[in-house]
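Read the figures in this text as sums done on the coordinates, not as results from a lab. Here the structure is a predicted model, which means the values were calculated and not measured. Note: ideal-geometry Cβ built from the backbone for every residue, glycine included; neighbour counts use all protein chains shown.
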Amino acid sequence: MKILVINAGSSSLKYQLYNMLDESVLASGRVERIGMDSSIVTHEPAGKPEARQVSEILDHVTAVRRVLEMLVDAEYGVLTEIGEIDAVGHRIVHGGETFKESVVVNQEVKLEIRRLFDLAPLHNPAHMMGINAVEANLPDVPQVVVFDTAFHQSMPRTSYLYPIPTILYSRHKVRRYGFHGTSHKYVSGQAADYLGKPIESLKIVSCHIGNGASCTAILNGKSYDTSMGMTPLEGLMMGTRSGDLDPAIVPYVMNKEELTLSEVNSMLNKHSGMLAVSGLSSDMREIEQAMEEGDAKAKLAFDMYVYRLRKYIGAYTAAMNGIDVLLFTAGVGENSSALRKAVCEGLTFLGVELDDEKNAVRSKETRRISSESSKVQVLVVPTNEELLIARDTYDLVKRKLNG
Ligand code: ADP
């Protein structure tokens, strides 16, 4: 079975084609600048040179058509015919309280995703364009939707409710949802496999640290609490997002600086975090480089980033009354040995003991970086959200075919 995984944004569309026989990636790529002039398609077929095309792509229907043309192209293609695509899986940011797991797309599912537009106004409408574009190009191919929020639907009320008037929850669904769920689910499963233990027997704190960052407490294999909330702004300090702050800052700053709501929103999401404190960059590589050169603001940004993450790890250890596994994933978590070392240095009271040599090794494999005597297993687990989307799509479509 061959499965196309799509992550549609408002002006971009990323894709990966999987052969589920061995879970290999046959091709991947992206379409950028949809709806603008000079749209770009970058296509990377396995074992063949990369192809790049610049043309006008006005909408998502055309973007999907270009991707399909690439996949069967005489020179860059990896399929003989489009009919070889058995199913399409989509990444959807917000599934609200409706979607606790992945589902096959039908009219009702589409309506519900539409109802959730309010909760993710930047993302869900773009995902819907992706679904409709696939439907227009491949009307008979089943589609599956996989939600970033679904894994966190297991959180108890004590974790997901905000201590504000309950009418805001009943009327407007104001609550914590959490994000990066596909990643936290994937890496925690990988960690349990790597350790050869049933996931239900482990207390895991999973740190997904990329541009966006979130920390999740995983108890009995289920999300028990997570640091992102109603939106991805809550929780850890991130590349450009503030993470947790006193909400009274918002009206105060609006008043003092004469800012509109949308300006404050943009400040907290796009101009805060590591970028704001360092005054330099949101990219951890540049922060580390500047620290080495003695930049004090970069050092402060790094220290705050580490401190805030360590506090969450401590909080989630308390929430679960223990921790067996601490895992790091995503761009920063997988690559920055300095970040991992700094975080773990302050966790020795929990019995966390890093092996500095193992921590310094670069690898694309799941690996243990704690010492033999560490009470907590510290792992680096490369995330692969696309693979989990492909697996869910495969399972659901197979189940559907078997009646
Ligand atoms: P996204 O949240 O956009 O998916 P990623 O998970 O790809 O982000 O993470 C991107 C971040 O990973 C970059 O901003 C960069 O700071 C960080 N990163 C990537 N490689 C390294 C590295 N070698 N050392 C430190 N940080 C890195």
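State the three equivalent ellipsoid semi-axes of the chain, derived from the C-alpha gyration tensor as the square roots of 5 times its eigenvalues, in descending order and whole Å. Please list the in-between numbers first.
Working: eigenvalues 231, 132, 109 Å².
Equivalent-ellipsoid dimensions as semi-axes: 34, 26, 23 Å.
Once you've got the Cα coordinates, tell me which of 110/197; 222/398; 2/203; 2/100 are over 31 Å apart. Show your work: numbers first, answer last.
Numbers: 110/197 38 Å; 222/398 25 Å; 2/203 35 Å; 2/100 25 Å.
From the list (110/197; 222/398; 2/203; 2/100), the Cα-Cα distance tops 31 Å for 110/197; 2/203.
Mind listing which GluC sites (Glu not before Pro) in the stretch 68-170 are in a DSSP loop and have 11 or fewer other Cβ atoms within 10 Å?
Details: sites: 69, 75, 81, 84, 97, 101, 108, 112, 135; in loops: 75, 81, 97, 101.
The qualifying sites are 75, 81.
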Could you state the number of Å between the C-alpha centres of the stretch 306-383 and the stretch 218-271?
25 Å
Assigned charges on the beta-carbon of Lys, Arg, Asp, Glu; the stretch 39-121 dipole about Cα centre (debye):
240 debye
Farthest toward positive dipole pole in the chain [+1 Lys/Arg, -1 Asp/Glu at C-beta], among 220, 190, 11:
220
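Helix check for the chain. Which DSSP H runs span at least 15 Å along their own axis by Cα, with a mean Kyte-Doolittle hydropathy no less than 0.0? All intermediate terms of the calculation are to be shown ahead of the outcome.
Numbers: long enough: 60-71 (16 Å, 0.62); 124-137 (20 Å, -0.09); 181-195 (21 Å, -0.55); 296-320 (36 Å, 0.13); 385-401 (24 Å, -0.42).
For the chain, where a helix must reach 15 Å along its axis and average at least 0.0, the hits are 60-71, 296-320.
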Nearest-20 debye value, the stretch 155-268 charge dipole, Cβ charges on Lys, Arg, Asp, Glu:
500 debye
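What whole-number value in cubic angstrom gives the convex hull volume per residue for the C-alpha atoms of the stretch 280-403? Kindly include the intermediate steps, with their values, before the conclusion.
On the way: hull volume 18.3 nm³, N = 124.
Residue-normalised Cα hull volume stands at 148 Å³.
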Looking at the chain as a GNM with Cα springs under 10 Å, which of 250, 381, 64 has the largest mean-square fluctuation?
250
Per its Cα gyration tensor (rounded if a/c is under 1.5, else prolate when a/b beats b/c, else oblate), the stretch 94-231 is best filed as oblate
Tell me which residues come under 5 Å, amide H to amide H, from residue 27 once H is placed; ignore anything under 5 positions away on its chain.
17, 46
Given charges at Cβ of Lys, Arg, Asp, Glu: the chain dipole, positive-most of 321, 181, 393:
321
Jot down the radius of gyration and Dmax of the stretch 94-175, Cα atoms only, both in angstrom.
14.5, 47
Rounded to the nearest 500, what is the chain's calculated 222 nm mean residue ellipticity when only DSSP H runs of at least 4 contribute -39500 (n - 2.57) each, over all residues?
-11500 deg cm²/dmol
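Cα gyration tensor of the stretch 159-310, axes a ≥ b ≥ c as square roots of the eigenvalues: rounded (a/c below 1.5), prolate (a/b > b/c) or oblate? Intermediate results must be reported in sequence, preceding the final value.
Numbers: a/c = 2.84, a/b = 1.17, b/c = 2.42.
It is oblate, given that a/c is not under 1.5 and a/b is not larger than b/c.
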Overall Cα dimensions of the stretch 345-403 - principal axes, largest extent first, Å:
52, 24, 18
